[in-house]
1. Just from its helices, what would the mean residue ellipticity at 222 nm be for chain B, if runs of 4 or more DSSP H residues each count -39500 (n - 2.57) and the sum is divided by every residue, rounded to the nearest 500 deg cm²/dmol?
2. I'd like the mean, over residues of B:497-506, of how many other protein chain beta carbons sit within 10 Å of each residue's own Cβ.
3. Would you mind telling me the antiparallel percentage of the DSSP bridges in the stretch B:142-290, rounded to 5?
4. Where does the stretch B:142-290 land on Rg(C-alpha)/(2.2 N^0.38 Å)?
5. When the Kirkwood hydrodynamic radius is evaluated over all pairs of different C-alpha atoms of the protein assembly as shown, what value in angstrom, to one decimal, is obtained?
6. For the stretch B:306-397, what are Rg and Dmax over the alpha carbons, in angstrom?
7. What percent does the relative contact order of chain B come to when contacts are Cα pairs within less than 8 Å and at least six residues apart?
8. Once whole DSSP H runs in chain B are found, which of them have Cα atoms spread over 18 Å or more along the helix axis and a mean Kyte-Doolittle score of at least 1.0?
Amino acid sequence: MTSPLEQKKIKIAGPSVVTANRTWDGIVVYRTAAQGWSADLSEAAIVRNSDEAKALLAESVADDVGAVGAYIAPVQVAEDGKVEPGNLREQIRRTGVTIGQPVQV
Amino acid sequence: MYAYDEIDRTLVNERVSEFRDQVKRRLSGELTEDEFKILRLQNGVYLQLHAYMFRVAIPYGTLASNQLRRLAHVARKYDRGYGHFTTRQNIQFNWIKLAELPDALADLAEVGIHAMQTSGNNMRNVTSDQWAGVAPGEIEDPRIWSELIRQHTTLHPEFSFLPRKFKIAITASDHDRAAIRIHDIGLRLIKNEKGETGFEVLVGGGLGRTPFIAKTIKHFVHGRDILSYIEAILRVYNQYGRRDNIYKARIKILVHELGIEKFSREVEEEWQHIRNSSLQIDDEVIEDIRSRFTYPAYEKLPHMPDELRQAAADPDFEAWRKNSVSPHKVQGYSIVTISLKPTGGPPGDATAEQMDALADLADKYSFGEIRVGHEQNLALPHVAKRDLPALWKALDKLGLATPNVNLITDIIACPGLDYCSLANARSIPIAQELTRRFANHELANLIGRLHINISGCINACGHHHVGHIGILGVEKNGEEVYQITIGGRADESAALGNLIGPGVKFDEVADVVEDIVEAYLALRERPEELFIDTVKRLGVEPFKERVYATR
Ligand code: HEM
Ligand code: SF4
């Protein structure tokens with residue numbers, strides 16, 4: 001995965017969300033339509049064109065106390081509306097490491 | 001062990017309260033992330049995929065048992081019960097909460113551990129041979145000099161805002177276990193004809209996007225002049241270093257572009273100005289540092305105790321002893337390497353329980369001391385040979401006696417896409433699969449010494465360029481693809497590996513490695529010819545043919 005942290009131009013190819021890490025504890029969060037953050041991808045605001053993406057990103061970046069490192073990430077939206085991460089990196093961010101941790105939590 | 005002085009203790013404590021205040025201001029919104037980032041990086045805090053990552057320094061790889069217990073405590077209390085030992089004598093915690101970090105730092109400071117110089121464009125943790133002070137035939141304990149440089153460069157303004165990060169490694173043995181040739185500056189402690197202690201100085205090594213093996217810039221710099229010489233190098237670097245382009249900012253690029261001759265002339269000139277300044281080191285300073293390194297009160301012990309003779313009848317013990325136990329400078333003692341590479345496990349990870357238990361074993365069998373090496377393994381540096389069988393049994397119970405040190409499953413791997421925000425592909429699952437493929441000890445032993453190094457992106461934290469077999473994860477059309485090199489090495493004959501051909505998919509990597517190994521077994525002239533020597537003799541071609549014949 002080319003790291004999205006190098007994202008410069010905003011151009012989206014399909015449905016996308018804005019994701020970041022929550023400032024106080026670092027966990028993965030998604031920007032919601034209610035201008036907040038949620039750890040649940042299904043609550044993320046979905047954007048479908050570059051202007052929407054730009055606006056959502058700008059609003060997210062402005063909320064720097066809530067979350068850090070905001071960027072646009074692709075998602076797949078199924079017919080029933082179920083949202084899934086659009087690539088392996090985002091899949092790993094959502095569900096955790098693929099390797100089994102030495103200590104189960 | 002090394003005893004910090006009052007200055008260091010005060011400094012570390014001040015840093016903790018300063019950071020506590022900074023975190024508070026960050027969480028209240030008084031500081032923006034942009035303002036805070038440089039502050040957190042100065043304290044070893046990165047932002048990774050799932051959480052903040054916290055990198056803690058283990059200067060020259062020496063830990064006391066109470067320090068290891070404290071690392072276990074941090075893993076348990078603030079993280080998910082484990083830590084990851086890295087290739088630069090650091091440990092990383094992967095799930096730390098920013099709000100709790102000041103407490104974690106404070107807990108570590110109580111035992112003299114900190115996270116300074118673990119990130120940012122400054123002088124990083126000076127690394128050394130994990131066998132320092134105990135390796136037979138060593139010129140002198142290289143940590144004395146690591147410590148001198150550490151003291152001089154910690155928070156030194158000239159070294160705190162470099163064009164890019166800067167890494168120094170020191171060895172004092174003929175066999176280089178500190179990988180000095182892939183560091184910005186590599187120092188090899190030697191004696192000149194007059195018997196004086198000094199250094200061969202190498203410069204411009206590094207991996208990443210543009211890898212280089214360091215070149216010798218000066219064959220002998222007297223010990224007393226080493227700080228001024230390093231400073232001269234840094235001044236030339238500071239003057240020319242490419243701050244405009246992050247990819248060109250490392251000293252390796254400058255040395256390459258200027259050429260080693262011109263670079264060394266510039267350094268020489270600079271050095272003549274500052275050589276006789278206050279940077280010249282008084283003997284007392286070195287003596288003071290030397291006196292702070294204490295060595296155990298070794299007993300007079302037999303070379304071959306009965307316990308060891310009896311245990312030799314057990315093939316499992318022997319298998320472990322042969323690759324984990326190394327000669328010590330004192331008769332009757334050994335250095336024991338502890339593999340953090342269990343079959344199917346992530347390389348370099350240790351649980352809090354393992355760390356605690358190991359601290360107890362260090363107290364019982366190694367005068368309370370533990371070492372951390374760049375291969376992501378640990379070591380107990382002073383084990384009486386008579387205790388080896390008992391130690392082995394105890395390690396085995398903890399899952400820490402995998403008999404694979406220096407074998408094909410002793411893999412170096414970076415965190416890769418499972419943790420790292422810069423990654424292109426996963427590294428750890430590749431390592432796990434390889435440890436399963438080659439889990440059979442007879443097979444691994446038949447193959448002999450073979451280092452596999454894996455990185456999840458071109459930053460090369462997993463040292464793939466210098467692996468006997470190097471595996472680099474890249475991304476192609478949204479898929480993980482792995483480029484494979486052979487013939488690299490990180491020791492005194494350091495070399496960069498050569499690509500064998502087009503990249504292969506995630507699922508194919510272990511098969512390809514198997515093919516390479518089979519080719520080697522068929523091609524080697526005799527069982528003692530190591531993989532790396534066969535590659536040197538024959539080049540990439542026969543391996544390439546074998547791998548791509550059926551692909
Ligand atoms: C997960 C967080 C990590 C991040 C974000 C990270 C980032 C980087 C970056 C950006 C570089 C290239 C620097 C440059 O070329 O100037 C680098 C180099 C390096 N990293 Fe990491 N790294 C991480 C973890 C690790 C770990 C876990 C290890 C040890 C296993 C490690 C060991 C190294 C080493 C030895 C180099 C030097 C390679 C060279 O000589 O250029 N890093 N890292
Ligand atoms: S090599 Fe790349 S993927 Fe691996 S830890 Fe370094 S930056 Fe991350």
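We did not get these values from a lab; they are worked out from the coordinates using the rules stated. Because the structure is predicted, anything quoted here is derived from the model rather than measured. As a convention, Cβ positions derive from the backbone with ideal geometry for all residues, glycine included, and neighbour counts pool all protein chains shown.
1. On the way: 19 runs with 207 residues, N = 551.
It lands at -11500 deg cm²/dmol.
2. Working: counts 0, 0, 0, 0, 0, 0, 0, 0, 0, 1.
Partner Cβ neighbours, averaged per residue: 0.
3. 75
4. Details: Rg = 14.6 Å, N = 149, 2.2 N^0.38 = 14.7 Å.
Compactness ratio reported: 0.99.
5. About 25.9 Å for the protein assembly as shown.
6. Cα-based Rg and Dmax for the stretch B:306-397 come out at 12.7, 37 Å.
7. Values: 1193 pairs, mean separation 68.3, N = 551.
Taking the mean separation of contacting Cα pairs over the length of chain B, I get 12 percent.
8. Details: long enough: B:6-27 (32 Å, -1.13); B:65-78 (19 Å, -1.02); B:226-240 (21 Å, 0.49); B:260-274 (21 Å, -1.22); B:352-365 (19 Å, -0.43); B:509-523 (21 Å, 1.27).
Sorted by number, the helices that extend far enough and score high enough are B:509-523.
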